[in-house]
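The values are calculated or read from the model by the stated rules, or taken from the named source; none is laboratory data. This structure is a prediction, so every number in the text was calculated from the model and none was measured. Because the Cβ atoms are built from the backbone with ideal geometry, glycine has one as well, and the counts that use them run over all protein chains shown. Each accessible area value is taken on the protein alone, full model and side chains, heavy atoms only, with ligands, DNA and RNA left out. Shrake-Rupley method; radii C 1.70, N 1.55, O 1.52, S 1.80 Å.
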Amino acid sequence: MKKFDVAIIGAGAGGYVAAIYAARSGLNVALVEKGKVGGACFNLGCIPSKIMIEHSKLVQKMKLGQEWGITAGSIDIDFPKLMKRKDVIIQQLLEDIHRYIGNNTITFYEGKGEVSKDLTVKVNEETFEAENIILATGSRPFVPPFKGLETADYHTTDTIFHIKELPKQLTIIGGGVISIEMAFSLAPLGTKVTILNHSRDILQTEEPDARPIIRQKLYDLGVELVLDFDFEEIHGNEIVTSRGVYTYENLLFATGRRPNVEIAEALGLEMDGRYIKVNEYYQTSMPHVYAIGDIIGGYQLAHAASAEGIHAIEAILGNKPEPIDQSAIPRCVYSTPEIATFGVMEDEVNPEEAIVTKLPFKSNPKALMEGNSDGFIKFISSKKDSRILGACVVGDGATEILNSMLAVKVAGGTAEDLGKIIFPHPTKSEVIGDAARTVFWRGIHI
(Lines give C-alpha, C1' and ligand atoms only; values in the text may rest on other atoms or scores of the structure.)
Protein backbone atom coordinates (compact mmCIF):
# COMPACT_ATOMS: atom_id res chain seq x y z
CA MET A 1 0.00 0.00 0.00
CA LYS A 2 1.27 3.45 -0.93
CA LYS A 3 2.16 5.78 1.93
CA PHE A 4 2.21 9.57 1.87
CA ASP A 5 3.38 12.23 4.29
CA VAL A 6 0.17 14.16 3.66
CA ALA A 7 -3.04 13.54 1.74
CA ILE A 8 -5.21 16.51 0.82
CA ILE A 9 -8.89 15.93 0.10
CA GLY A 10 -10.07 18.62 -2.28
CA ALA A 11 -8.12 20.50 -4.96
CA GLY A 12 -9.76 23.89 -4.68
CA ALA A 13 -7.94 27.13 -3.89
CA GLY A 14 -6.97 25.80 -0.47
CA GLY A 15 -6.18 22.22 -1.38
CA TYR A 16 -4.08 22.59 -4.50
CA VAL A 17 -2.02 25.41 -2.97
CA ALA A 18 -1.39 23.30 0.15
CA ALA A 19 -0.36 20.35 -2.03
CA ILE A 20 2.16 22.35 -4.04
CA TYR A 21 3.57 24.05 -0.94
CA ALA A 22 3.93 20.66 0.77
CA ALA A 23 5.66 19.12 -2.25
CA ARG A 24 8.10 22.02 -2.50
CA SER A 25 8.79 21.59 1.21
CA GLY A 26 9.94 18.03 0.59
CA LEU A 27 6.82 16.11 1.58
CA ASN A 28 5.38 13.18 -0.34
CA VAL A 29 1.89 14.36 -1.29
CA ALA A 30 -1.39 12.85 -2.47
CA LEU A 31 -4.08 15.20 -3.78
CA VAL A 32 -7.65 13.96 -4.23
CA GLU A 33 -10.38 15.73 -6.21
CA LYS A 34 -13.77 14.35 -7.23
CA GLY A 35 -14.62 17.20 -9.59
CA LYS A 36 -12.48 19.83 -11.28
CA VAL A 37 -9.30 21.28 -9.82
CA GLY A 38 -9.69 24.87 -8.72
CA GLY A 39 -12.90 24.10 -6.86
CA ALA A 40 -15.82 26.50 -6.69
CA CYS A 41 -13.58 29.57 -7.01
CA PHE A 42 -12.21 28.77 -10.45
CA ASN A 43 -15.25 26.95 -11.83
CA LEU A 44 -18.38 28.30 -10.15
CA GLY A 45 -17.57 31.54 -8.37
CA CYS A 46 -14.65 33.95 -8.14
CA ILE A 47 -13.24 33.54 -11.62
CA PRO A 48 -16.34 33.24 -13.86
CA SER A 49 -18.12 36.07 -12.05
CA LYS A 50 -15.13 38.40 -12.38
CA ILE A 51 -14.76 37.60 -16.08
CA MET A 52 -18.42 38.48 -16.61
CA ILE A 53 -17.99 41.68 -14.61
CA GLU A 54 -15.08 42.68 -16.87
CA HIS A 55 -17.38 42.32 -19.88
CA SER A 56 -19.94 44.58 -18.22
CA LYS A 57 -17.31 47.13 -17.14
CA LEU A 58 -16.21 47.43 -20.75
CA VAL A 59 -19.79 48.13 -21.85
CA GLN A 60 -20.10 50.81 -19.16
CA LYS A 61 -16.79 52.32 -20.28
CA MET A 62 -18.01 52.44 -23.89
CA LYS A 63 -21.16 54.26 -22.80
CA LEU A 64 -19.03 56.69 -20.78
CA GLY A 65 -16.97 57.34 -23.89
CA GLN A 66 -20.13 58.32 -25.73
CA GLU A 67 -20.85 60.87 -22.98
CA TRP A 68 -17.35 62.28 -23.47
CA GLY A 69 -17.82 62.63 -27.22
CA ILE A 70 -16.45 59.34 -28.57
CA THR A 71 -19.10 57.73 -30.76
CA ALA A 72 -18.67 54.30 -32.32
CA GLY A 73 -22.22 53.32 -33.26
CA SER A 74 -24.44 50.97 -31.28
CA ILE A 75 -23.20 48.48 -28.71
CA ASP A 76 -24.19 44.95 -29.68
CA ILE A 77 -23.83 42.10 -27.19
CA ASP A 78 -22.83 38.65 -28.50
CA PHE A 79 -23.46 36.87 -25.22
CA PRO A 80 -22.57 33.33 -26.37
CA LYS A 81 -19.20 34.67 -27.55
CA LEU A 82 -18.63 36.36 -24.19
CA MET A 83 -19.43 33.12 -22.38
CA LYS A 84 -17.11 31.23 -24.69
CA ARG A 85 -14.34 33.66 -23.74
CA LYS A 86 -15.12 32.93 -20.08
CA ASP A 87 -14.82 29.20 -20.70
CA VAL A 88 -11.52 29.59 -22.56
CA ILE A 89 -9.97 31.62 -19.72
CA ILE A 90 -11.15 29.14 -17.08
CA GLN A 91 -9.85 26.21 -19.10
CA GLN A 92 -6.46 27.91 -19.41
CA LEU A 93 -6.35 28.47 -15.64
CA LEU A 94 -7.31 24.86 -14.90
CA GLU A 95 -4.62 23.61 -17.28
CA ASP A 96 -2.14 25.82 -15.44
CA ILE A 97 -3.13 24.25 -12.10
CA HIS A 98 -2.71 20.75 -13.54
CA ARG A 99 0.72 21.79 -14.83
CA TYR A 100 1.72 23.14 -11.41
CA ILE A 101 0.63 19.85 -9.86
CA GLY A 102 2.47 17.83 -12.49
CA ASN A 103 5.66 19.83 -12.03
CA ASN A 104 5.84 18.74 -8.40
CA THR A 105 6.05 15.38 -6.65
CA ILE A 106 2.29 15.13 -6.18
CA THR A 107 0.24 12.01 -6.83
CA PHE A 108 -3.13 13.16 -8.15
CA TYR A 109 -6.21 11.01 -7.60
CA GLU A 110 -9.39 11.82 -9.50
CA GLY A 111 -12.46 10.62 -7.64
CA LYS A 112 -14.32 10.83 -4.34
CA GLY A 113 -12.06 10.37 -1.33
CA GLU A 114 -13.18 8.32 1.67
CA VAL A 115 -11.12 8.70 4.86
CA SER A 116 -10.97 6.11 7.62
CA LYS A 117 -10.04 6.74 11.24
CA ASP A 118 -6.75 4.90 10.72
CA LEU A 119 -5.87 7.59 8.13
CA THR A 120 -6.27 5.35 5.12
CA VAL A 121 -7.85 6.96 2.09
CA LYS A 122 -9.89 5.16 -0.57
CA VAL A 123 -10.41 6.68 -4.00
CA ASN A 124 -12.35 4.53 -6.45
CA GLU A 125 -10.63 1.14 -6.17
CA GLU A 126 -7.32 2.42 -4.77
CA THR A 127 -6.39 2.67 -1.11
CA PHE A 128 -3.38 4.41 0.43
CA GLU A 129 -2.12 5.56 3.81
CA ALA A 130 -1.22 9.07 4.94
CA GLU A 131 0.57 10.26 8.01
CA ASN A 132 -1.46 13.49 7.88
CA ILE A 133 -4.78 14.42 6.28
CA ILE A 134 -5.93 17.89 5.26
CA LEU A 135 -9.65 18.26 4.55
CA ALA A 136 -10.29 20.98 1.97
CA THR A 137 -13.69 19.91 0.72
CA GLY A 138 -15.20 23.37 0.28
CA SER A 139 -18.87 24.27 0.25
CA ARG A 140 -22.01 24.16 -1.86
CA PRO A 141 -24.83 26.66 -2.54
CA PHE A 142 -27.53 26.93 0.09
CA VAL A 143 -31.16 27.28 -0.98
CA PRO A 144 -33.63 28.15 1.80
CA PRO A 145 -36.52 25.68 2.14
CA PHE A 146 -39.21 28.11 1.01
CA LYS A 147 -42.76 26.86 0.85
CA GLY A 148 -43.51 25.90 -2.75
CA LEU A 149 -39.84 25.72 -3.74
CA GLU A 150 -40.50 22.45 -5.57
CA THR A 151 -42.68 24.36 -8.05
CA ALA A 152 -39.87 26.72 -9.05
CA ASP A 153 -37.26 26.44 -11.77
CA TYR A 154 -34.17 28.21 -10.46
CA HIS A 155 -30.42 28.67 -10.69
CA THR A 156 -27.68 28.57 -8.08
CA THR A 157 -24.03 29.46 -8.62
CA ASP A 158 -23.57 25.84 -9.72
CA THR A 159 -25.65 26.55 -12.84
CA ILE A 160 -25.86 30.30 -13.53
CA PHE A 161 -22.39 30.51 -15.08
CA HIS A 162 -23.34 27.90 -17.68
CA ILE A 163 -26.17 29.89 -19.28
CA LYS A 164 -25.82 30.32 -23.03
CA GLU A 165 -28.21 33.18 -23.73
CA LEU A 166 -28.40 36.60 -22.08
CA PRO A 167 -31.51 36.55 -19.87
CA LYS A 168 -34.00 39.32 -20.51
CA GLN A 169 -34.96 39.25 -16.85
CA LEU A 170 -33.35 37.85 -13.71
CA THR A 171 -34.63 37.89 -10.16
CA ILE A 172 -31.97 37.32 -7.52
CA ILE A 173 -32.88 36.26 -3.99
CA GLY A 174 -30.24 37.52 -1.56
CA GLY A 175 -28.41 40.78 -0.98
CA GLY A 176 -24.87 39.64 -0.29
CA VAL A 177 -21.70 39.73 -2.34
CA ILE A 178 -22.74 37.06 -4.87
CA SER A 179 -26.07 38.74 -5.53
CA ILE A 180 -24.58 42.19 -6.05
CA GLU A 181 -21.76 40.96 -8.29
CA MET A 182 -24.23 39.07 -10.49
CA ALA A 183 -26.36 42.20 -10.80
CA PHE A 184 -23.32 44.19 -11.95
CA SER A 185 -22.42 41.34 -14.33
CA LEU A 186 -25.71 41.27 -16.22
CA ALA A 187 -27.56 44.58 -15.80
CA PRO A 188 -25.08 46.59 -17.95
CA LEU A 189 -25.56 44.05 -20.75
CA GLY A 190 -29.30 44.67 -20.82
CA THR A 191 -30.78 42.18 -18.35
CA LYS A 192 -33.58 43.57 -16.20
CA VAL A 193 -32.45 42.58 -12.70
CA THR A 194 -34.60 42.50 -9.56
CA ILE A 195 -32.95 41.84 -6.19
CA LEU A 196 -35.17 40.53 -3.40
CA ASN A 197 -33.50 40.76 0.00
CA HIS A 198 -35.52 40.41 3.19
CA SER A 199 -33.00 42.47 5.21
CA ARG A 200 -33.09 46.25 5.42
CA ASP A 201 -30.01 46.74 3.27
CA ILE A 202 -27.61 45.03 0.89
CA LEU A 203 -24.03 43.98 1.64
CA GLN A 204 -24.55 43.95 5.39
CA THR A 205 -21.13 42.41 6.02
CA GLU A 206 -19.44 45.34 4.27
CA GLU A 207 -18.54 48.92 5.18
CA PRO A 208 -21.81 50.80 5.87
CA ASP A 209 -20.63 53.95 4.07
CA ALA A 210 -20.12 51.90 0.89
CA ARG A 211 -23.69 50.68 0.67
CA PRO A 212 -25.41 53.91 -0.44
CA ILE A 213 -22.89 54.28 -3.28
CA ILE A 214 -23.51 50.74 -4.51
CA ARG A 215 -27.28 51.11 -4.14
CA GLN A 216 -27.23 54.25 -6.27
CA LYS A 217 -25.12 52.56 -8.94
CA LEU A 218 -27.58 49.68 -9.06
CA TYR A 219 -30.47 52.10 -9.43
CA ASP A 220 -28.59 53.86 -12.23
CA LEU A 221 -28.31 50.52 -14.04
CA GLY A 222 -32.04 49.99 -13.74
CA VAL A 223 -31.81 47.30 -11.04
CA GLU A 224 -34.90 47.02 -8.86
CA LEU A 225 -34.05 46.62 -5.18
CA VAL A 226 -36.77 45.21 -2.94
CA LEU A 227 -35.71 45.27 0.71
CA ASP A 228 -37.08 44.73 4.21
CA PHE A 229 -39.91 42.22 3.79
CA ASP A 230 -40.83 38.63 4.59
CA PHE A 231 -40.84 35.77 2.09
CA GLU A 232 -44.08 33.81 2.20
CA GLU A 233 -44.06 31.22 -0.57
CA ILE A 234 -43.34 30.48 -4.22
CA HIS A 235 -45.98 29.60 -6.81
CA GLY A 236 -44.24 28.53 -10.00
CA ASN A 237 -42.81 31.76 -11.42
CA GLU A 238 -44.33 33.95 -8.71
CA ILE A 239 -42.68 34.86 -5.41
CA VAL A 240 -45.17 35.88 -2.74
CA THR A 241 -43.83 38.33 -0.15
CA SER A 242 -45.23 40.65 2.49
CA ARG A 243 -44.55 43.47 0.00
CA GLY A 244 -46.49 41.85 -2.83
CA VAL A 245 -46.07 39.27 -5.58
CA TYR A 246 -43.02 39.32 -7.86
CA THR A 247 -43.00 37.46 -11.16
CA TYR A 248 -39.76 36.21 -12.65
CA GLU A 249 -38.53 34.72 -15.91
CA ASN A 250 -35.23 33.52 -14.43
CA LEU A 251 -34.49 33.03 -10.76
CA LEU A 252 -31.14 32.86 -8.96
CA PHE A 253 -30.70 31.91 -5.31
CA ALA A 254 -27.65 33.77 -3.97
CA THR A 255 -28.34 32.93 -0.35
CA GLY A 256 -24.99 31.77 0.94
CA ARG A 257 -23.14 28.47 1.06
CA ARG A 258 -23.00 25.42 3.31
CA PRO A 259 -19.80 23.50 4.16
CA ASN A 260 -19.18 20.01 2.79
CA VAL A 261 -18.50 18.25 6.09
CA GLU A 262 -19.54 14.69 5.29
CA ILE A 263 -16.03 13.31 5.85
CA ALA A 264 -15.75 15.18 9.15
CA GLU A 265 -19.05 13.74 10.33
CA ALA A 266 -17.98 10.21 9.32
CA LEU A 267 -14.76 10.64 11.33
CA GLY A 268 -16.63 12.02 14.32
CA LEU A 269 -14.67 15.28 14.38
CA GLU A 270 -15.67 17.95 16.87
CA MET A 271 -17.81 20.61 15.26
CA ASP A 272 -18.38 24.31 15.89
CA GLY A 273 -21.96 24.69 14.77
CA ARG A 274 -22.08 23.58 11.15
CA TYR A 275 -18.30 24.00 10.75
CA ILE A 276 -15.33 21.84 11.73
CA LYS A 277 -13.62 23.03 14.91
CA VAL A 278 -9.88 23.67 14.50
CA ASN A 279 -7.08 25.24 16.53
CA GLU A 280 -4.61 27.94 15.45
CA TYR A 281 -2.72 25.35 13.36
CA TYR A 282 -5.94 24.16 11.66
CA GLN A 283 -5.75 20.85 13.52
CA THR A 284 -9.08 19.16 14.19
CA SER A 285 -10.03 17.16 17.27
CA MET A 286 -8.47 14.07 15.64
CA PRO A 287 -4.66 13.77 15.68
CA HIS A 288 -2.99 14.36 12.30
CA VAL A 289 -6.24 15.55 10.68
CA TYR A 290 -6.44 19.20 9.59
CA ALA A 291 -9.18 21.26 7.96
CA ILE A 292 -9.06 24.48 5.92
CA GLY A 293 -11.27 26.74 3.84
CA ASP A 294 -15.05 26.99 3.79
CA ILE A 295 -15.51 23.98 6.08
CA ILE A 296 -14.06 25.81 9.11
CA GLY A 297 -16.06 29.05 8.87
CA GLY A 298 -14.46 32.47 9.16
CA TYR A 299 -13.82 34.25 5.88
CA GLN A 300 -15.08 31.99 3.09
CA LEU A 301 -12.59 33.38 0.59
CA ALA A 302 -10.23 31.65 -1.82
CA HIS A 303 -7.17 33.58 -0.67
CA ALA A 304 -7.99 32.81 2.97
CA ALA A 305 -8.20 29.09 2.16
CA SER A 306 -4.85 29.23 0.35
CA ALA A 307 -3.20 30.93 3.32
CA GLU A 308 -4.71 28.37 5.70
CA GLY A 309 -3.43 25.53 3.54
CA ILE A 310 0.13 26.87 3.67
CA HIS A 311 -0.22 27.42 7.41
CA ALA A 312 -1.36 23.83 7.96
CA ILE A 313 1.61 22.49 6.00
CA GLU A 314 3.96 24.62 8.11
CA ALA A 315 2.38 23.07 11.21
CA ILE A 316 2.81 19.55 9.78
CA LEU A 317 6.48 20.38 9.14
CA GLY A 318 6.79 21.19 12.85
CA ASN A 319 7.54 24.87 12.33
CA LYS A 320 4.81 26.11 14.71
CA PRO A 321 3.84 29.13 12.59
CA GLU A 322 2.36 32.25 14.12
CA PRO A 323 -1.45 32.29 13.86
CA ILE A 324 -2.83 33.94 10.74
CA ASP A 325 -3.74 37.56 11.45
CA GLN A 326 -7.42 37.69 10.57
CA SER A 327 -7.25 41.48 10.42
CA ALA A 328 -4.80 41.20 7.51
CA ILE A 329 -7.14 39.18 5.28
CA PRO A 330 -8.61 41.45 2.59
CA ARG A 331 -12.31 41.28 1.71
CA CYS A 332 -13.39 42.35 -1.75
CA VAL A 333 -16.63 43.07 -3.61
CA TYR A 334 -16.22 43.40 -7.37
CA SER A 335 -19.08 45.81 -7.88
CA THR A 336 -18.78 49.03 -9.89
CA PRO A 337 -17.19 50.74 -8.02
CA GLU A 338 -15.35 48.03 -6.10
CA ILE A 339 -15.21 47.67 -2.32
CA ALA A 340 -12.03 46.44 -0.63
CA THR A 341 -11.53 46.18 3.13
CA PHE A 342 -9.21 44.75 5.74
CA GLY A 343 -9.24 44.83 9.52
CA VAL A 344 -11.94 46.57 11.50
CA MET A 345 -14.64 48.86 10.18
CA GLU A 346 -15.53 52.22 11.67
CA ASP A 347 -18.60 50.95 13.50
CA GLU A 348 -16.46 48.28 15.21
CA VAL A 349 -13.98 50.59 16.95
CA ASN A 350 -14.11 52.68 20.09
CA PRO A 351 -13.86 56.38 19.08
CA GLU A 352 -11.76 57.00 22.18
CA GLU A 353 -9.15 54.48 21.03
CA ALA A 354 -9.06 54.94 17.25
CA ILE A 355 -8.72 57.71 14.68
CA VAL A 356 -10.80 57.42 11.52
CA THR A 357 -9.98 59.49 8.45
CA LYS A 358 -12.04 59.43 5.27
CA LEU A 359 -11.12 61.15 2.02
CA PRO A 360 -13.31 61.09 -1.12
CA PHE A 361 -12.12 60.50 -4.66
CA LYS A 362 -14.27 63.34 -6.03
CA SER A 363 -11.34 65.77 -6.17
CA ASN A 364 -8.67 63.24 -7.14
CA PRO A 365 -7.22 64.12 -10.59
CA LYS A 366 -6.84 60.51 -11.79
CA ALA A 367 -10.36 59.59 -10.71
CA LEU A 368 -11.78 62.63 -12.47
CA MET A 369 -9.91 62.03 -15.72
CA GLU A 370 -11.03 58.38 -15.71
CA GLY A 371 -14.63 59.38 -15.08
CA ASN A 372 -14.89 57.26 -11.91
CA SER A 373 -14.78 59.64 -8.96
CA ASP A 374 -17.39 57.92 -6.78
CA GLY A 375 -16.02 56.47 -3.58
CA PHE A 376 -13.50 57.13 -0.84
CA ILE A 377 -10.59 55.84 1.18
CA LYS A 378 -11.23 55.28 4.88
CA PHE A 379 -8.29 54.69 7.16
CA ILE A 380 -8.45 53.53 10.79
CA SER A 381 -5.48 53.71 13.16
CA SER A 382 -4.79 53.46 16.87
CA LYS A 383 -4.64 56.72 18.86
CA LYS A 384 -2.11 55.17 21.18
CA ASP A 385 0.62 54.07 18.77
CA SER A 386 -0.65 54.78 15.21
CA ARG A 387 -0.96 51.05 14.43
CA ILE A 388 -3.00 50.38 11.32
CA LEU A 389 -6.26 48.79 12.46
CA GLY A 390 -8.22 48.73 9.22
CA ALA A 391 -8.95 50.38 5.92
CA CYS A 392 -11.64 50.48 3.28
CA VAL A 393 -11.43 51.64 -0.31
CA VAL A 394 -14.54 52.21 -2.39
CA GLY A 395 -13.77 53.11 -5.97
CA ASP A 396 -12.64 51.91 -9.35
CA GLY A 397 -9.64 49.62 -8.80
CA ALA A 398 -10.19 49.48 -5.03
CA THR A 399 -9.10 45.84 -4.81
CA GLU A 400 -5.64 46.84 -6.06
CA ILE A 401 -5.39 50.17 -4.24
CA LEU A 402 -5.98 48.53 -0.85
CA ASN A 403 -2.76 46.53 -1.07
CA SER A 404 -0.44 49.45 -0.29
CA MET A 405 -2.03 49.95 3.11
CA LEU A 406 -2.21 46.22 3.77
CA ALA A 407 1.47 45.75 2.90
CA VAL A 408 2.51 48.44 5.40
CA LYS A 409 0.32 46.88 8.09
CA VAL A 410 1.74 43.37 7.53
CA ALA A 411 5.29 44.79 7.61
CA GLY A 412 4.58 46.28 11.03
CA GLY A 413 4.33 49.85 9.80
CA THR A 414 2.20 52.63 11.24
CA ALA A 415 0.06 55.46 9.93
CA GLU A 416 3.13 57.69 10.15
CA ASP A 417 5.12 55.25 7.98
CA LEU A 418 2.33 55.12 5.43
CA GLY A 419 2.22 58.92 5.31
CA LYS A 420 5.92 58.98 4.37
CA ILE A 421 5.41 56.97 1.17
CA ILE A 422 5.82 59.07 -1.96
CA PHE A 423 2.95 58.04 -4.21
CA PRO A 424 3.13 58.81 -7.94
CA HIS A 425 0.98 61.63 -9.26
CA PRO A 426 -1.58 61.48 -10.71
CA THR A 427 -2.87 58.23 -9.20
CA LYS A 428 -5.85 57.32 -7.08
CA SER A 429 -3.42 55.70 -4.63
CA GLU A 430 -2.04 59.10 -3.62
CA VAL A 431 -5.21 59.60 -1.58
CA ILE A 432 -3.76 56.94 0.76
CA GLY A 433 -0.92 59.27 1.72
CA ASP A 434 -3.32 62.08 2.52
CA ALA A 435 -5.56 59.76 4.52
CA ALA A 436 -2.55 58.65 6.59
CA ARG A 437 -1.21 62.20 7.07
CA THR A 438 -4.65 63.37 8.11
CA VAL A 439 -4.29 61.18 11.20
CA PHE A 440 -1.76 63.82 12.34
CA TRP A 441 -3.70 66.77 10.87
CA ARG A 442 -1.19 67.13 8.04
CA GLY A 443 -3.33 66.08 5.12
CA ILE A 444 -3.04 68.26 2.02
CA HIS A 445 -5.99 67.67 -0.29
CA ILE A 446 -8.79 67.76 2.26
>> Could you tell me which residue out of 174, 135, 221 lies farthest along the dipole of region 114-246 toward its positive end? Charges go on the beta carbon: Lys and Arg +1, Asp and Glu -1, centred on the Cα centre.
In response: 221
> Taking θ as phi - 60°, what are the ³J(HN,Hα) couplings along region 237-254 by the Karplus curve (6.51, -1.76, 1.60), each to the nearest whole Hz, with x for Gly and Pro?
Replying inline: 9, 10, 10, 8, 10, 5, 9, x, 9, 10, 9, 10, 9, 9, 10, 10, 8, 10
> Quick one: which of 36/57; 277/409; 277/320; 34/81; 358/384; 86/362 span more than 23 angstrom between C-alpha atoms?
Replying inline: 36/57; 277/409; 34/81; 86/362
>> Suppose the Debye formula is applied to equal point scatterers at every Cα of region 257-416; what is log10 I(q)/I(0) at q = 0.15 Å⁻¹?
In response: -0.91
> Using modelled backbone amide H atoms (1.01 Å from N, in-plane), which distant-in-sequence or interchain residues come within less than 5 Å of residue 140's amide H?
Replying inline: 258, 260
>> Compute, for region 300-446, the length of the dipole vector about the Cα centre, with Cβ point charges of +1 (Lys, Arg) and -1 (Asp, Glu) only. Units Debye, rounded to 20.
In response: 360 debye
>> Probe of 1.4 angstrom, ligands and nucleic acids ignored: what's the accessible area per residue over region 102-180, in square angstrom?
In response: 51 Å²
> Amide H neighbours of residue 155 under 5 Å, counting only residues 5+ apart in sequence or on other chains, H built in-plane at 1.01 Å?
Replying inline: 251, 252, 253
> Between 297, 138, 73, which gets the highest mean-square fluctuation from a Gaussian network model of the chain, Cα cutoff 10 Å?
Replying inline: 73
> Which Cys residues of the chain have no other Cys beta carbon under 4.7 Å away?
Replying inline: 332, 392
> Which of rounded, prolate, oblate describes the chain, given a ≥ b ≥ c as roots of the alpha-carbon gyration tensor eigenvalues and a/c under 1.5 marking rounded, otherwise prolate only if a/b is larger than b/c?
Replying inline: oblate
> How large, in percent, is the carbon and sulfur part of the accessible surface of region 303-446 at a probe radius of 1.4 Å?
Replying inline: 54 percent
> How about region 267-331: which trypsin sites (Lys or Arg not before Pro) there lie in a loop by DSSP and see at most 14 other Cβ atoms within 10 Å?
Replying inline: 274
>> Amide H of residue 390 versus every other amide H placed in the peptide plane: which residues, excluding those fewer than 5 positions away on the same chain, fall under 5 Å?
In response: 344, 380
>> Straight-line reach from residue 168: which aspartates and glutamates fall under 15 Å, measuring Cα to Cα and dropping same-chain residues less than 8 apart?
In response: 76, 78, 224, 249
> Between 367, 381, 339, whose Cα lies farthest towards the positive end of the dipole of region 337-384 when Lys and Arg beta carbons carry +1 and Asp and Glu beta carbons carry -1, centred on the Cα centre?
Replying inline: 367
> Which whole-Hz couplings ³J(HN,Hα) result when phi for each residue of region 121-134 is put into the Karplus expression 6.51 cos²θ - 1.76 cosθ + 1.60, θ = phi - 60°, listed in order with x for Gly and Pro?
Replying inline: 10, 10, 10, 6, 9, 9, 10, 9, 10, 9, 6, 9, 10, 10
>> From the helices alone, meaning DSSP H stretches of at least four residues, give me the mean residue ellipticity at 222 nm for the chain, per-run term -39500 (n - 2.57), in deg cm²/dmol to the nearest 500.
In response: -9500 deg cm²/dmol
